[in-house]
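These notes concern the structure reproduced below.
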């Protein structure tokens, strides 16, 4: 589904990704872990087409299509979704108007009829239940005045609305208490199927107790330096990132 | 070069003709206007309060003035049929500068008195004599030029205690085969405890001919009177508009002015508000959406000369392409006016690299015990919000539209006229969409 080869990317002239290789197939859950500044968020930004980042080499294909050549909106239409580490507040734009514009843009892209107002509202109601999102939040401005937990729930709600094929969850656990973490993780698990895939970016093993990965990768200094099964996350939790540095022969 | 000279010459040459077609009460104002103009000149771009606009250039073309009061080339009521299923207003037309009050409007008025100056000179001479030209006298050379050349206008007279059940809509149409200056004039006299809502819609028919709409509005609000004045411009690129709204407010009166520019060529809107009564309140709102080469310049002056009165100003601009916006605002609180509260805000969004905004907020305060502040911002579209929306699949142009519309939402929501507010949300959406045809008629009514 996703094939990343020797991906290099920089921001403001500074190279952050220095040759990332990663293959994700349908039905899989991949966790990407790594210390601060290793390039985890850069990877998600580059994959979703954030204009602040420049790809300086390598390739990324999504179902055979050149992902890097697509606009951010077309990447979304092709089925890519990013749950933001810091969801953006957009005062004055209602959640309903925002979601309707997103859902209908995707339908137009795929040559489908736009949803009627009642069809759309019904869909909103159903998908809200996935993360138990308060109806009041859905009628407010996008993320405005939402608590940290509400913002993350709102991300998963949007994921439920857009039905992506590949979701990247960028530190979705940060700023969440244990109850909110459970709700968010169970939302993600409900949306999981054999046809879609998930990349979980996280610092901690904790989230992986709830969203079970098939593969764990360690990103360090812009490269994936280690890949293994779920046991790698546990080992990392136990030994810390210094262990990575040591095994790479640093210090 | 002094662009005023040609109009002074025109007046000197044809004053007999001009005055024969105008009521005596207007003619009586001309000598002092002429005296003002002979020693005046129009500001050039870069002068104080004219940072963006060259008024001399605006008046330089040789505009014709309809001195002989020729008939309408077409019947405005026919050509611009306003079916108003929801708005339900009393509709008056002004064709260039010739006011026209239809039978239907007269029948629907029921309380308020609306007359042309020519009619009012017979029916309500005391009202005209007491107020016409009294406030405009405080204006600049363009207001004096209006006084020098105006031949008629509309009086909206609200006798004490009268409430207008329906809003009064003034549909102003500019249409000319050759460059024309429309010299428009409106006088609103709202006596004690009267209440009225007015909606002015400025349109231009046809294109390819540059015309100038030179207008003066005077409003006098008696004790506890309320006046809402919505001033909507939907003209075209050939239209120049220089407008000054004067208002005088007495004790406990409430004035709301909402100036909206959706499409235009070049516009200078002046507001001159005299808040003279205790507990009088003024709301001055503005919403400008400009793209292409649109140019919208606002000057507001609010003078508080009584204790415990208040004013609140908020002007918002969204500029794209090469559009130019300007705002120069001044709040003056005179000596001996404790507990005045005044706020002045100007918020701007420049949505393209070439759009330009000039802004200058000012406060001048001579009393200690007051609350006054101002705030100005010029920003760009929030790139983080843009990216966030695009990752959800919202196309870039739609994301831009949503953000620009969101920026205007609070100004639209402060419209105290439900049907108009809903209509404006819709019009603004269409405007940002690019589907609002420039002046296809009265968009409010369609």
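Quick note: the coordinates plus some simple rules give every number you see, no bench work behind them. Since the model is a prediction, treat every value here as computed from it, not as a measurement. For neighbour counting, all protein chains shown are included, and Cβ atoms are generated from backbone atoms with ideal geometry for every residue, glycine included.
Between B:228, B:422, B:140, find the one with the highest GNM mean-square fluctuation for chain B; connect C-alpha pairs within less than 10 Å.
Fluctuation is largest for B:422.
Shape of the protein assembly as shown from its Cα gyration tensor (a ≥ b ≥ c, root eigenvalues): rounded if a/c is under 1.5, otherwise prolate when a/b > b/c, or oblate?
Prolate, because a/c is 1.5 or more and a/b exceeds b/c.
Over what distance in Å are the Cα centres of the stretch B:353-417 and the stretch A:1-30 separated?
38
Looking at the protein assembly as shown, what % of its DSSP beta bridges pair antiparallel, to the nearest 5?
DSSP beta bridges in the protein assembly as shown are roughly 20 percent antiparallel.
Within the stretch B:5-381, what percent of beta bridges assigned by DSSP are antiparallel, to the nearest 5?
Of those bridges, close to 5 percent are antiparallel.
So for B:367, A:42, fewest C-beta neighbours within 10 Å to most, what's the order?
B:367, A:42
So which residue, out of A:124, A:226, A:161, gets the largest mean-square fluctuation from a GNM of chain A using Cα contacts under 10 Å as springs?
Greatest mean-square fluctuation among the candidates belongs to A:226.
Report the convex hull volume per residue for the stretch B:5-381, counting only C-alpha atoms, in Å³.
133
Between the helical axis of A:148-162 and the dominant principal axis of chain A, each derived from Cα atoms, what acute angle in degrees is found, rounded to the nearest 10?
Value to nearest ten degrees: 70.
Given a Förster distance of 25 Å, report the FRET efficiency between residue A:119 and residue B:413 from their Cβ-Cβ distance, rounded to the nearest 0.05.
Given R0 = 25 Å and the Cβ-Cβ separation, E is 0.35.
Apply the a/c threshold of 1.5 to the C-alpha gyration tensor of the stretch A:175-251 and tell me whether it is rounded, prolate or oblate.
Judged from the Cα gyration tensor, the stretch A:175-251 comes out prolate (a/c at least 1.5, a/b above b/c).
Spin-label point model (7 Å from Cα, Cβ direction): what's the residue B:107 to residue B:28 distance in nm?
For the pair residue B:107/residue B:28, the computed spacing is 3.6 nm.
How much length would be gained if the chain were fully extended between residue B:433 and residue B:6, taking 0.36 nm per residue of separation minus their Cα-Cα distance, in nm to one decimal?
That works out to 149.5 nm of additional length.
Return the FRET efficiency for the residue pair residue A:147, residue A:21: r is the Cβ-Cβ distance, R0 is 56 Å, and the value is rounded to the nearest 0.05.
0.90
Can you give the angle from 0 to 90° between the axis of helix A:117-128 and the longest principal axis of chain A, with both taken from C-alpha atoms, to the nearest 10?
Result, in degrees: 40.
Between residue A:63 and residue B:397, what's the calculated FRET efficiency when r is the beta-carbon distance and R0 is 25 Å? Round to 0.05.
Efficiency at R0 = 25 Å is approximately 0.40.
Counting other beta carbons within 10 Å of each Cβ, put A:112, B:191 in order, fewest first.
The fewest-first ordering by Cβ neighbours comes to A:112, B:191.
Can you compute the helix-only [θ] at 222 nm over chain A? Use -39500 (n - 2.57) per DSSP H run of at least 4 residues, normalise by all residues, nearest 500 deg cm²/dmol.
Using -39500 (n - 2.57) per qualifying helix, the result is -11000 deg cm²/dmol.
May I ask for the distance between the Cα centers of the stretch B:197-212 and the stretch B:136-191, given as a whole number of Å?
One Cα centre to the other: 14 Å.
Give the angle, between 0 and 90 degrees and rounded to the nearest 10, that separates the Cα long axis of helix A:95-109 from the longest principal axis of the Cα atoms of chain A.
That works out to roughly 80 degrees.
Evaluate the distance, in nm, between pseudo-label points positioned 7 Å from the Cα of residue B:425 and of residue B:374 along their respective Cα→Cβ axes.
That separation, rounded to one decimal, is 3.3 nm.
With a/c under 1.5 counting as rounded, go ahead and sort the stretch B:85-236 into rounded, prolate or oblate using the C-alpha gyration tensor (a ≥ b ≥ c being the square roots of the eigenvalues; past the cut-off, prolate if a/b is larger than b/c, else oblate).
Here the stretch B:85-236 falls in the oblate category.
Starting from the Cα-Cα distance between residue A:126 and residue A:206, subtract it from 0.36 nm times their residue separation and give me the gain in nm to one decimal.
25.9 nm
Quick one: check the C-alpha center-to-center distance for the stretch B:305-320 versus the stretch A:213-251, whole angstrom.
60
Could you list B:436, A:248 so that the one with the fewest beta carbons within 10 Å of its beta carbon is first and the one with the most is last?
The most exposed by this proxy come first: A:248, B:436.
Taking 0.36 nm per residue of separation and subtracting the Cα-Cα distance, what length does fully extending residue A:139 through residue A:70 add?
Details: separation 69, 0.36 × 69 = 24.84 nm, distance 3.14 nm.
My answer for the length gained is 21.7 nm.
Under a GNM of chain A (C-alpha, springs under 10 Å), which listed residue has the highest mean-square fluctuation: A:114, A:171, A:163?
Residue with maximal mean-square fluctuation among A:114, A:171, A:163: A:114.
May I ask you to derive the relative contact order of chain B, considering only C-alpha pairs under 8 Å and at least 6 residues apart, and to give it as an integer percent?
Numbers: 1130 pairs, mean separation 47.5, N = 446.
Contact order relative to length: 11 percent.
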